[in-house]
Amino acid sequence: MVKENKKKEEKPKKNDFKAFLKKRAPIYLAIIAMFVIFVIPELTKGDLESSFPELTSEERQVLDILMDYNGPNGSGLTVMDAISNKISEEYPDEKIYDNKKTVVDLTVSKLNDEEYNIVLNFKSYKGELNYDWNVDKSLGKIITNNQDSKHIIDLVNFYD
C-alpha cells in the first residue's frame, strides 16, 4: 500500500505552455517592443484631414468637392495634397499636428441653395495659413476669395 501512495505523490507534470513561453519570452518581448516603437506612431500620425472637425453629410460632400479637385485636366495633384505639401514645406521634419500650438479651424457655411463658403485656417507657432473658397455644389465650380487660396488653386490647375 505504501508503494501505491508513492506513485500518486510523484512530481506533477510540467505545464508545457509555461515552458513554451519561458523559452521564447525574449522573442515575444522584442516583437512587442518593435510594434510599440515603429507601428503605433505611424498609426497615430497626425495629418490635415484628421484635424478637421465633424461635419454634416452635406458639408462633408462640399468639402470633398473642394479637397478632391485636381484641376481642369485631372493632373493628379489635389487641393488637399497642395495644402499638405505647403504645410510640409513650412515645417519640414516636424510633427506639426502633434504640437500643442497647432490649431486647424475649418468652417463650412451655406451661402445659398447650391453655394457654400469654406474657410480653412491653419495656425501654429510660426504663423498662419488662411484659405477661403466658395464652392458651387451643383457645378463643382471653385472660386477663390484670398491670395493663399488662389495660389493653391493655381498650383493644382497648372500642375504637370
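The values are calculated or read from the model by the stated rules, or taken from the named source; none is laboratory data. All of these numbers come straight from a predicted model, not from anything done at the bench. A quick note on method: Cβ atoms are made from the backbone with ideal geometry, for glycine too, and the neighbour counts reach across all protein chains shown. Keep in mind that these areas ignore ligands, DNA and RNA; they rest on the heavy atoms of the full protein, side chains included. Shrake-Rupley method; radii C 1.70, N 1.55, O 1.52, S 1.80 Å.
Condition check: under 14 Å from ILE152 (Cβ atoms), touching a residue at least 60 places away in the same chain (Cβ under 8 Å) and more than 20 Å from the chain's Cα centre (by Cα). Does VAL79 satisfy that? Give the steps one after another, and end with the answer.
Values: under 14 Å from ILE152 (Cβ atoms): yes; touching a residue at least 60 places away in the same chain (Cβ under 8 Å): yes; more than 20 Å from the chain's Cα centre (by Cα): no.
No.
What do you reckon, is ASP148 part of a strand (DSSP E or B), over 13 Å from ASP64 (Cα atoms) and without any contact (Cβ under 8 Å) to a residue 24 or more places away in the chain?
Values: part of a strand (DSSP E or B): no; over 13 Å from ASP64 (Cα atoms): yes; without any contact (Cβ under 8 Å) to a residue 24 or more places away in the chain: yes.
In short, no.
Need the failing condition index for VAL104 against (1) in contact with a Ser or Thr (Cβ under 7 Å, 6 or more places away or on another chain); (2) at pLDDT 85 or above, just the number.
Result: VAL104 fails condition (2) only.
Go through the stretch 105-145 and count every residue that is open to solvent by less than 50 Å² (accessible area, probe 1.4 Å) and assigned to a loop (DSSP other than H, G, I, E, B).
Residues that pass the stated criteria total 3.
Of all residues in the stretch 109-160, which are more than 19 Å from LEU55 (Cα to Cα) and hydrophobic (A, V, I, L, M, F, W, C)?
Correct list: LEU129, LEU139, ILE142, ILE143, ILE152, ILE153, LEU155, VAL156, PHE158.
Out of the stretch 66-104, which residues are touching a helix residue (DSSP H, G or I) at 6+ places or on another chain (Cβ under 7 Å), surrounded by 15 or more Cβ atoms within 10 Å (Cβ to Cβ) and assigned to a loop (DSSP other than H, G, I, E, B)?
The answer is TYR69, ASN70, GLY71, LEU77, THR78, THR102.
Which of (1) modelled with pLDDT of 80 or more; (2) touching a Leu at 6+ places or on another chain (Cβ under 9 Å) is the odd one out, the single condition GLU59 does not satisfy?
For GLU59, the failing item is (2).
Going through the stretch 110-121 one residue at a time, which ones are without any contact (Cβ under 8 Å) to a residue 40 or more places away in the chain and within 14 Å of TYR131 (Cβ to Cβ)?
ASN117, VAL119, LEU120, ASN121
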